[in-house]
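Take a look at the structure set out below.
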Amino acid sequence: MKTAAAGPVVYLLVGLTGSGKTTYARRRLEPAGAVRLSVDERVHARHGRYGVDYPERDYFALETPVVAEVRAELVELVAAGQDVVLDHGLWTRAARSEWKKLVEEAGGHPRLLYFPVHREELLRRLAERNQREDGNALTVTESALDDFYARFEPPHDEGEEIIEPGSF
């Protein structure tokens, strides 16, 4: 994973809720030694499930201090030479640019992994996931997913690597 010139690798996972980011990180990247940092899981641990234990509209206020904490931890891990996975949707080009810059300034090498999944498949996955009580941070309705799509900017010409559905 590491290269002497680039420093530790930081995998920046890009995709909508249900696209497979966490599954991929758990199956492929954590076993290879990367430390996974998940904003959603930390918000869940502190406040419960999105759309169930607190209103959807409160998520960003609850997320803000967690993002700051994850940023600081990511910088510390990179400085210590540790590969990292940022398990966070990174929905906008501006957010992706900001995280890439942070990684590079900390001495790491960012890799942008994009998880494109068709809307129908996301709906199927989310309906199944919403029924489970396995610590899932987000309960996502069809209307919430439509809102997510409206705010999501798929990466294009950002050096992204495509992770195909079903490839892991």
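The values are calculated or read from the model by the stated rules, or taken from the named source; none is laboratory data. Since this is a predicted model, take the numbers as computed values, not measurements. FYI the Cβ positions are ideal-geometry reconstructions off the backbone, even for glycines, and counts take in every protein chain you see.
Points worth noting:
- In the stretch 87-101 there is no residue that is touching a Phe, Trp or Tyr at 6+ places or on another chain (Cβ under 8 Å), touching a residue at least 40 places away in the same chain (Cβ under 8 Å), charged (D, E, K, R) and not in a helix (DSSP H, G or I).
- Pair list, Cβ < 6 Å and 6+ apart or interchain, from the stretch 20-47 residues that are over 21 Å from Leu126 (Cβ atoms) and among the hydrophobic types (A, V, I, L, M, F, W, C) to residues that are at pLDDT 90 or above and assigned to a loop (DSSP other than H, G, I, E, B): Ala34/Asp83; Val35/Gln82
Conditions tested, residue by residue: (1) closer than 19 Å to Ile162 by Cβ; (2) surrounded by 21 or more Cβ atoms within 10 Å (Cβ to Cβ).
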| site | (1), (2) |
| --- | --- |
| Gly7 | no, no |
| Gly15 | yes, yes |
| Pro31 | no, no |
| Pro55 | no, no |
| Thr64 | no, no |
| Val70 | no, no |
| Ala94 | no, no |
| Gly108 | no, yes |
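- The stretch 13-31, residues that are outside any helix (DSSP H, G or I) and out of contact with any strand residue (DSSP E or B) (no Cβ under 6 Å at 6 or more places or on another chain): Gly15, Leu16, Gly18, Ser19, Gly20, Pro31
- In the set (1) free of Cβ contacts under 8 Å to residues at least 12 places away in the same chain; (2) over 25 Å from Arg27 (Cα atoms); (3) more than 18 Å from the chain's Cα centre (by Cα), Glu76 fails one condition alone, (2).
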